[in-house]
Amino acid sequence: MTIDLSDYEDGADFDGHYKKALAKLQERLSHIHTAHIVHRRRAVVVFEGWDAAGKGGIIKRLTGEWDPRYFEVWPIAAPTPEEAAHHFLWRFWRRLPPVHNISVFDRSWYGRVLVERVEGFATETDWRRGYDEINEFERQQVDTGTTLVKIFIHVTQKTQDKRLQDRLDHPWKRWKTGLDDYRNRAKRAEYLEAMDEMFRRTDTVLAPWIVIDGNDKKAARIAALTAIADALEAQVPMDPPVLDPKVEKVARKALGLKSAA
């Protein structure tokens, strides 16, 4: 089915106790992360969406209870001169996770068919070829055992404008905004066209898109974290590690505990 972003604009408030729901989700995500470590699985979580859509806030809460030794968040900006001299996927291959790790991409290889397309940083030949290259890249990851989760956070122009204004008014948020926000905002129609084709060409059985209504931050965070937890949990054994009998024996003696029944 074609993804229509207008279906994700209700902006309904979160119906429930936000702090309790978030804490429960983060505990679940912590167990899922531990399962990836123990069972030597790897995963990639990709975030795309509008400027000021709330990706950073979701990522902050996604990783809040994870062991920092076994995950990496990659904020993706314009390629460096070295990266630009290679194929556009080269810099992403270098950031893929090893076993028992999760890589989180704050923007991704989809820049080829979004910002590079709209802003003219890639030729039409290059960005049109990009769809097949991206699909093949993602298929390779899935075929070699990597769980791939793709999240798109959607907000209306009204919501985006409100958040951009907040970045101007709040002194400790000003670092988040720049000229790019307004250049991109002025081309919303072109971005919507690019997003529509992106979804049509890259929403595949192996690597489907999950779209989140980001117009209410709390509801978006719970929805995104739930979707990610469901996707990750489905691809890793959720059995806790077995306690080594030798370790248990030594530990009980050292701690003055009775032997297990």
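What the table below lists for this structure:
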item	result
Selection within segment 1-40 - charged (D, E, K, R), in a loop (DSSP other than H, G, I, E, B) and either exposed (fewer than 14 other Cβ atoms within 10 Å of the Cβ) or touching a Phe, Trp or Tyr at 6+ places or on another chain (Cβ under 6 Å) (or both)	D4, D10, D13, D15, R40
Counted residues, segment 80-111 - those being in contact with a Ser or Thr (Cβ under 9 Å, 6 or more places away or on another chain) and among the hydrophobic types (A, V, I, L, M, F, W, C)	4
Flag for D51 being outside any helix (DSSP H, G or I) and surrounded by 17 or more Cβ atoms within 10 Å (Cβ to Cβ)	yes
Segment 70-87, residues that are outside any loop (DSSP other than H, G, I, E, B) and either within 18 Å of the chain's Cα centre (by Cα) or surrounded by 11 or more Cβ atoms within 10 Å (Cβ to Cβ) (or both)	Y70, F71, E72, V73, W74, P75, E83, A84
Members of segment 122-159 that are touching a helix residue (DSSP H, G or I) at 6+ places or on another chain (Cβ under 7 Å) and exposed (fewer than 14 other Cβ atoms within 10 Å of the Cβ)	Q157
Selection count, segment 101-121, where residues are crowded, with 19+ Cβ neighbours inside 10 Å and over 17 Å from L192 (Cβ atoms)	8
So L206, is it modelled with pLDDT under 95 and either more than 21 Å from the chain's Cα centre (by Cα) or of a type in the set (A, V, I, L, M, F, W, C) (or both)	no
Unmet requirement for R200, which otherwise passes all of (1) touching a residue at least 60 places away in the same chain (Cβ under 8 Å); (2) under 26 Å from V99 (Cβ atoms)	(2)
Where a residue in segment 216-229 is farther than 15 Å from E48 by Cα and its partner, wherever it lies, is among the hydroxyl-bearing types (S, T, Y), with Cβ under 8 Å and at least six apart	K218/Y18; I222/Y18
Residue within segment 101-123 that is farther than 25 Å from R40 by Cβ, of a type in the set (A, V, I, L, M) and free of Cβ contacts under 8 Å to residues at least 12 places away in the same chain present	no
Checking T34 against (1) touching a residue at least 24 places away in the same chain (Cβ under 8 Å); (2) in contact with a Lys or Arg (Cβ under 8 Å, 6 or more places away or on another chain); (3) of a type outside the set (G, A, S), the condition it does not meet	(2)
Hits in segment 224-261 (condition: of a type in the set (D, E), surrounded by 10 or more Cβ atoms within 10 Å (Cβ to Cβ) and not in a helix (DSSP H, G or I))	D244
Helices (runs of 4 or more DSSP H) completely within segment 94-203 that count 3 or more residues being among the hydrophobic types (A, V, I, L, M, F, W, C)	124-143, 188-202
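The values are calculated or read from the model by the stated rules, or taken from the named source; none is laboratory data. Quick caveat, the model's predicted, so the values are computed rather than measured. Glycine gets a Cβ as well: all are built from the backbone with ideal geometry, and neighbour counts include every protein chain shown.
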